[in-house]
Structure formats: C-alpha cells, structure tokens
Amino acid sequence: MSFLSDESRRSLDSLETATEPLDRLRAVRQASLALERDPAQLRAVRDSLDSGEGWDRVADAAGLGVAAAKWGWQGSDEQIAERLAAGRKRSARPSSVPTGLPGESVADAARILGVTAQAVYLRISRGTLIATTVTLDDGRSYKRVLL
C-alpha cells in the first residue's frame, strides 16, 4: 500500500499490535480517521475523474451521495480546504440554538398565539406583527417576533 501516507500506514500497523479491547477500538478509530484524511483518497478521486469516470460512479465507490462527494473533493486544494474549514467552524459552535435573542422565534410566537408559523409570517407581512432579523457575528440569521 505504497500509495498511503506514512500516518495511514502507521495507523494500520497499530491495528495488528492492539490486544486490549479499548486499545483495538482506539486503533480502529485512529486508522479510520487517518484513512479519511489521507491524500491518496483525493488522488484516487482525481485520477478517476481524469480517466473519464463521472461523479455518480466516484460517489458510489466512496459510499456517498453525489453532492457529498462533490462537496468533499470538487475544486482546487484551496477550495476543498476552505469548505472543510467552514464545516469545522460550524461544528465547533457551542450551540446550534442561540439564547438571549430579543423577542420570540417564529415557532414560539405561533405557539403563543395559537396559530401556525405561516400565519405568523402572514401577520408580519401585513404589518400586524413586528419582527426583526438578528444576524450573529458568525453569519447566522434569525427572524425574531416582537410580541
């Protein structure tokens, strides 16, 4: 397996020496992560595409959907790195639901008023409810209803 990086080869070798169950679990996980980041994977994708294979066949070989394969491997190294970094930033957020925002969410306002979310949006568009859009520093935006 000369096409694999040294890190991947070391991780695979550690599978052979792990004897305790938790050590085996750690070794399997480490090998999985190393193989996932291995440059050989991207080289294989690019070689496949260069030889005329389509994204559907590449995605199938990787066990992914076409959109996921393109997200992970399409474009230049810089574009791929930017997408992966953006994904890490999103996953590093402490909470997907911010607290301390003014007013109520559309869903909460609908529950309080006893109507649907669509009815809340309709009332906002008619001007019978006041709403604002709050944009956080990380770029996420939330519609907040001021009851």
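Observations
- Accessible area of the chain divided out per residue, in Å², using a probe of 1.4 angstrom: 71 Å²
- Label assignment, volume of the Cα convex hull per residue in Å³ derived from the structure, set (1) 98; (2) 160; (3) 204: (3)
- Of all accessible heavy-atom area on the stretch 1-77, the percent that carbon and sulfur account for (1.4 Å): 53 percent
The values are calculated or read from the model by the stated rules, or taken from the named source; none is laboratory data. Here the structure is a predicted model, which is why all the values come from computation and not from measurement. Ligands, DNA and RNA are stripped out before the accessible areas are found, and what is left, the full protein with its side chains, is counted by its heavy atoms. Shrake-Rupley method; radii C 1.70, N 1.55, O 1.52, S 1.80 Å.
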